[in-house]
Ligand code: CA
């Protein structure tokens with residue numbers, strides 16, 4: 001997510017009445033943090049216990065309800081001031097089935113009710129927290145559920161998806177359209193008999209799905225699902241419970257939890273891990289957010305003029321440099337990892353957070369499960385009061401050994417700049433991107449043959465290991481590859497664009513780092529040219545699965561490309577010194593031509609040498625390859641992981657807009 005203006009946020013900004021000055025911000029550093037595990041709700045043999053962190057409150061209450069909305073409180077509990085900025089109240093009974101909110105008095109006024117910042121279950125639209133026994137949300141066999149074991153993030157193949165994109169179209173054959181349960185349905189097909197849903201993911205061979213925000217977000221009215229509204233979900237409301245519109249019954253607080261676990265379990269059973277997109281960098285609302293209603297001002301950064309600072313472009317930015325906020329992020333991801341068995345986290349606008357917090361996140365998650373990995377957007381969407389040296393920027397990734405960042409270098413160099421629809425890149429014939437593509441090939445690590453001074457976006461080798469780099473040419477943001485090719489190749493045929501897509505993805509999937517692909521690209525679906533489809537209808541966003549049959553050969557290419565990567569550790573090196581030693585670029589003089597070898601049985605590969613030549617021009621290119629017995633893996637827009645014939649090397653012609661891959 002970047003530059004995504006959410007109108008509700010902006011309205012709240014204008015109406016801001018509680019904004020605190022930057023001078024006030026300094027005071028927050030002295031607030032006592034509370035690190036107890038019982039924050040907000042704890043049910044045990046002695047009863048139900050509420051603990052709210054609100055250091056400046058003058059009074060605090062718990063309001064108890066019998067339903068998730070539209071009712072008056074059954075009871076109101078006065079909370080007592082306790083240690084480390086907390087307030088406490090207890091009831092000597094287990095209140096399962098009840099709902100609650102908190103309310104604090106601040107500067108003489110009672111603020112609006114809030115479910116708090118730690119609600120793990122909520123009623124419809126997340127306005128009240130629900131008291132449930134989480135054990136009742138576990139599907140059968142959950143205790144034995146495990147995600148895929150991973151030695152390195154570079155062994156992952158990540159497929160970014162939105163729940164509605166995957167299942168809403170009638171051609172999906174899926175019953176639970178737009179729901180978590182969609183990916184629990186086995187055996188779904190199109191009218192032509194092509195696999196869809198989870199069977200499609202297995203057939204494609206990806207190792208992880210990356211699900212767009214799936215915590216409870218603000219924009220879709222859960223009480224009116226018939227309206228069928230679509231949203232990406234970058235408008236966080238309750239960080240620690242799933243979004244209600246993806247459940248079959250948002251009014252049942254357990255349903256969204258149980259059904260999301262069922263989805264994760266089904267994916268794990270298929271050998272596929274689940275990465276969650278997390279958006280701790282801002283909240284949907286300002287003064288009305290759960291953060292503001294429990295500890296006004298504390299969780300956000302402010303400008304000197306009392307307004308909320310806005311590095312997110314959505315009206316506010318959170319303050320991870322403060323102890324309770326930093327702890328909050330660490331605890332929240334750990335909760336998802338433990339309770340939901342999440343296998344990875346993608347941090348939206350990660351550079352709004354400080355590097356220390358991100359390092360704490362990575363370390364805490366590795367303790368829970370060494371296979372968990374973390375990556376994020378190494379940029380902000382606006383300026384921040386947080387000094388650049390402390391930001392979790394792409395340029396600072398060397399300070400974050402357990403974190404990866406998206407490479408906008410390879411993204412823009414291969415297909416053209418994201419902000420200019422008509423701009424072309426290496427794979428579509430625009431010269432001048434060769435060195436930046438090489439930066440992508442070596443995973444942004446230092447390499448003796450790569451001149452970072454010629455890089456388009458980065459001027460130095462910012463990664464200390466290819467494990468710190470996510471390679472991609474499109475994602476949910478901006479024009480997806482299909483639309484980008486249509487916009488930048490006027491007058492082209494679909495076959496020409498598909499050919500360019502194959503070359504672009506071949507560069508991504510053979511580069512050092514971790515490859516990432518946006519859902520539906522593999523069957524060449526598009527989003528009708530909409531670059532910011534965050535609230536576009538399903539008619540724009542939903543994948544038309546009938547394209548899988550129509551574009552079967554394109555799908556097969558992607559499938560073979562993924563199989564090639566997974567079969568060969570040479571593409572998945574983890575050490576920058578190995579990359580510098582094993583990757584050798586050939587001298588080429590013509591534009592839009594890159595030729596290189598991966599040598600020395602790199603990373604334990606069975607192949608001694610892999611030769612890769614990328615020709616992004618619309619003319620054939622001649623290259624000299626050492627004579628010998630080569631297996632042909634890819635040529636002229638076709639690919640086969642196990643090879644398709646042999647070559648004796650020498651002078652070879654590389655067809656226009658294609659990759660030549662040989663191995664010996
Ligand atoms: Ca919601």
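Values in this text are rule-based calculations from the coordinates and carry no lab data. For clarity, every value in this text was computed on a predicted model and none was experimentally measured. Neighbour counts are summed over all protein chains in view; Cβ atoms, including those assigned to glycine, are modelled from backbone coordinates with ideal geometry.
Give me 574, 51 sorted ascending by neighbouring Cβ count inside 10 Å, so fewest comes first. Please list the in-between numbers first.
Details: 574 18, 51 23.
Result, fewest neighbours first: 574, 51.
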Just from the alpha-carbon atoms, what are the Rg and Dmax of segment 33-137 in angstroms? 13.0, 41
Both in Å, the radius of gyration and Dmax of the C-alpha trace of segment 581-663 are 12.2, 36
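Based on DSSP H runs of at least 4 residues, each adding -39500 (n - 2.57), what is the mean residue ellipticity at 222 nm of the chain after dividing by all its residues, to the nearest 500 deg cm²/dmol?
Result for the chain, helices only: -6500 deg cm²/dmol.
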When the convex hull of the C-alpha atoms of segment 87-194 is computed, what volume per residue in Å³ does it have? 239
How high is the relative contact order of segment 581-663? Use alpha-carbon pairs under 8 Å, at least six apart in sequence, and give a whole percent. 29
Roughly how many whole Å is it from the C-alpha centroid of segment 490-508 to that of segment 595-636? 20
Kirkwood hydrodynamic radius for segment 153-571: how many Å is it when counted over pairs of different Cα atoms? 21.7
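For 519, 314, 334, what ranking results if the residue with the fewest other Cβ atoms within 10 Å of its Cβ goes first? Mind dumping the intermediate values first?
Numbers: 519 24, 314 28, 334 17.
Fewest-to-most ranking of 519, 314, 334: 334, 519, 314.
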Inter-part distance where segment 165-191 and segment 135-159 are each reduced to a Cα centre, Å: 21
How large are Rg and Dmax for segment 262-406 when only the alpha carbon atoms are used, in Å? 15.4, 53
Using Cβ counts within 10 Å as a stand-in for footprinting exposure, how do 588, 154, 114 rank, fewest first? 588, 114, 154
For a quick protection proxy, order the peptides 193-202, 157-166 by their average other-Cβ count within 10 Å, most packed first. 157-166, 193-202
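Please list the equivalent ellipsoid semi-axes of segment 370-442, computed as the square roots of five times the alpha-carbon gyration tensor eigenvalues, in descending order and whole angstrom. Provide the component values of the computation, followed by the final result.
Working: eigenvalues 142, 54, 22 Å².
With the √(5λ) rule applied to segment 370-442, the semi-axes are 27, 16, 11 Å.
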Ellipsoid equivalent to segment 385-540 - semi-axes via the Cα gyration tensor, in Å: 27, 18, 13
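Mind ranking 497-508, 380-391, 449-460, 478-489 by how tightly packed they are, going by the mean number of other C-beta atoms within 10 angstrom, highest first? Kindly include the intermediate steps, with their values, before the conclusion.
Values: 497-508: 24.7, 380-391: 17.0, 449-460: 15.2, 478-489: 22.5.
Order by mean packing, descending: 497-508, 478-489, 380-391, 449-460.
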Distance from the Cα centre of segment 353-392 to that of segment 69-101, in angstrom? 34
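How much length is gained if the chain between residue 105 and residue 399 is pulled fully straight, taking 0.36 nm per residue apart and subtracting their Cα-Cα distance, in nm to one decimal? Provide the component values of the computation, followed by the final result.
Working: separation 294, 0.36 × 294 = 105.84 nm, distance 4.14 nm.
Stretched fully, the residue 105-residue 399 segment lengthens by 101.7 nm.
Over the chain, what relative contact order in percent results from Cα pairs under 8 Å that are six or more residues apart? Intermediate results must be reported in sequence, preceding the final value.
Working: 1632 pairs, mean separation 79.1, N = 664.
Taking the mean separation of contacting Cα pairs over the length of the chain, I get 12 percent.
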